[in-house]
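Asks: Questions regarding the structure given below will be posed in turn.
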Amino acid sequence: MKDKHIIAIDGPVGSGKSTVARRVAEMLGYTHLDSGAMYRAVGLKALREGVPLDSAERLAQIAESARIDLVPQDGKLRVLLDGEDVTEAIRAPEVSHAASVVAVVPGVRHPMVDEQRRAGAQGGVVMEGRDIGSVVFPDADLKIFLDASPEVRAARRQREYEEKGEPMEFEKVLAEVHARDRRDREREMSPLVRAPDAVVVDNTAMDAEETARVIVLLAREGRTKSVTSG
């Protein structure tokens, strides 16, 4: 691959997309763009303004009017909503749920996809989400479908909740992961699918650093075969 291309990383909840994409970007000197953060920001604004999550028209208005900026700072990606840093706020469980709901609304997705394409048009980006390789950047230079077993993904989510001071029973988290998988894969608009030319990287037995190094190797060597952790 040549320099300054587009790397698309898709995968289900708990696969480590954000952490891995951020590390890949650091290693390659690229910009990390978290598409999911944009939908979370829309979800947060909808909750704050009391907009019903079943009101497609009002959610579309929220998405059109919201100013969402993804700003790299001190090695992390800060999310600004209308000028306010909401990086932590968008990770709350209720916001995660809202994001998964608003993300299937055409009037929300269209402006978000347009913004994502604009942000990555010049290349030199690592963008992650659930439809980056299949919809947002179907011509990306490298497409990764990151996956892991449901149990491992649930354990990762459980640790995230614990780190935020919101402990949750493993079985409940696992059920949440299965429910999210169904919702993401069965939604009518931009479902979670592996792009035909995406490289599958199974990181069930790999940590984020190992996973990132595998993807960087693929990027530098232009390989197109699947990688599993055994």
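The values are calculated or read from the model by the stated rules, or taken from the named source; none is laboratory data. Since the structure is predicted, the reported quantities are computational estimates derived from the model, not experimental observations. Quick reminder, even Gly has a Cβ in these numbers, built from the backbone with ideal geometry, and neighbours come from all protein chains shown.
Asks: Among the residues of the stretch 28-55, which ones are of a type in the set (A, V, I, L, M) and either within 22 Å of A92 (Cβ to Cβ) or at pLDDT 95 or above (or both)?
Replies: Pass one, the stretch 28-55, residues of a type in the set (A, V, I, L, M): 28, 33, 37-38, 41-42, 44, 46-47, 51, 53.
The answer is L33, A37, M38, A41, V42, L44, A46, L47, V51, L53.
Asks: May I ask you to verify whether A41 is surrounded by 24 or more Cβ atoms within 10 Å (Cβ to Cβ) and either closer than 26 Å to T204 by Cα or of a type in the set (S, T, N, Q) (or both)? Steps first, answer last, please.
Replies: Values: surrounded by 24 or more Cβ atoms within 10 Å (Cβ to Cβ): yes; either closer than 26 Å to T204 by Cα or of a type in the set (S, T, N, Q) (or both): no.
No, not satisfied.
Asks: Answer with yes or no whether D74 is without any contact (Cβ under 8 Å) to a residue 12 or more places away in the chain and either closer than 26 Å to D147 by Cα or surrounded by fewer than 15 Cβ atoms within 10 Å (Cβ to Cβ) (or both). Outline the logic, then answer.
Replies: Working: without any contact (Cβ under 8 Å) to a residue 12 or more places away in the chain: yes; either closer than 26 Å to D147 by Cα or surrounded by fewer than 15 Cβ atoms within 10 Å (Cβ to Cβ) (or both): yes.
Criteria met by D74.
Asks: Given the criterion out of contact with any Gly (no Cβ under 8 Å at 6 or more places or on another chain), in the same structural domain as L142 (by TED's automatic domain parsing) and not small (G, A, S), identify the matching residue among P12, P106, P72.
Replies: Details: P106 fails: in the same structural domain as L142 (by TED's automatic domain parsing); P72 fails: in the same structural domain as L142 (by TED's automatic domain parsing).
Only one candidate qualifies: P12.
Asks: Can you spot a residue in the stretch 89-112 that is without any contact (Cβ under 8 Å) to a residue 40 or more places away in the chain, more than 20 Å from E163 (Cβ to Cβ) and among the polar types (S, T, N, Q)?
Replies: No, there is no match, as no residue in the stretch 89-112 is without any contact (Cβ under 8 Å) to a residue 40 or more places away in the chain, more than 20 Å from E163 (Cβ to Cβ) and among the polar types (S, T, N, Q).
Asks: Okay, next question. Return yes or no: is E88 within 15 Å of A37 (Cα to Cα), surrounded by fewer than 16 Cβ atoms within 10 Å (Cβ to Cβ) and either touching a His at 6+ places or on another chain (Cβ under 8 Å) or not assigned by TED's automatic domain parsing to the domain that holds Y161 (or both)?
Replies: For E88, the condition - within 15 Å of A37 (Cα to Cα), surrounded by fewer than 16 Cβ atoms within 10 Å (Cβ to Cβ) and either touching a His at 6+ places or on another chain (Cβ under 8 Å) or not assigned by TED's automatic domain parsing to the domain that holds Y161 (or both) - is met.
Asks: Restricting attention to the stretch 191-214, which residues are surrounded by 17 or more Cβ atoms within 10 Å (Cβ to Cβ) and either in contact with an Asp or Glu (Cβ under 7 Å, 6 or more places away or on another chain) or over 22 Å from S100 (Cα atoms) (or both)?
Replies: Here is the first cut: in the stretch 191-214, the residues surrounded by 17 or more Cβ atoms within 10 Å (Cβ to Cβ) are 192, 194-195, 198-199, 201-203, 206, 208, 211-212, 214.
Selection gives L192, A198, V199, V201, D202, N203, M206, A208, T211, A212, V214.
Asks: Something else: Taking the stated definitions as given, is D181 of a type in the set (D, E, K, R), in a helix (DSSP H, G or I) and in contact (Cβ under 8 Å) with a residue 12 or more places away in the chain?
Replies: So D181 fits the description; yes.
Asks: So which of E162, E188 ends up being surrounded by fewer than 18 Cβ atoms within 10 Å (Cβ to Cβ), of a type in the set (D, E), outside any helix (DSSP H, G or I) and modelled with pLDDT under 95?
Replies: Details: E162 fails: outside any helix (DSSP H, G or I).
Just one listed residue meets the conditions, E188.
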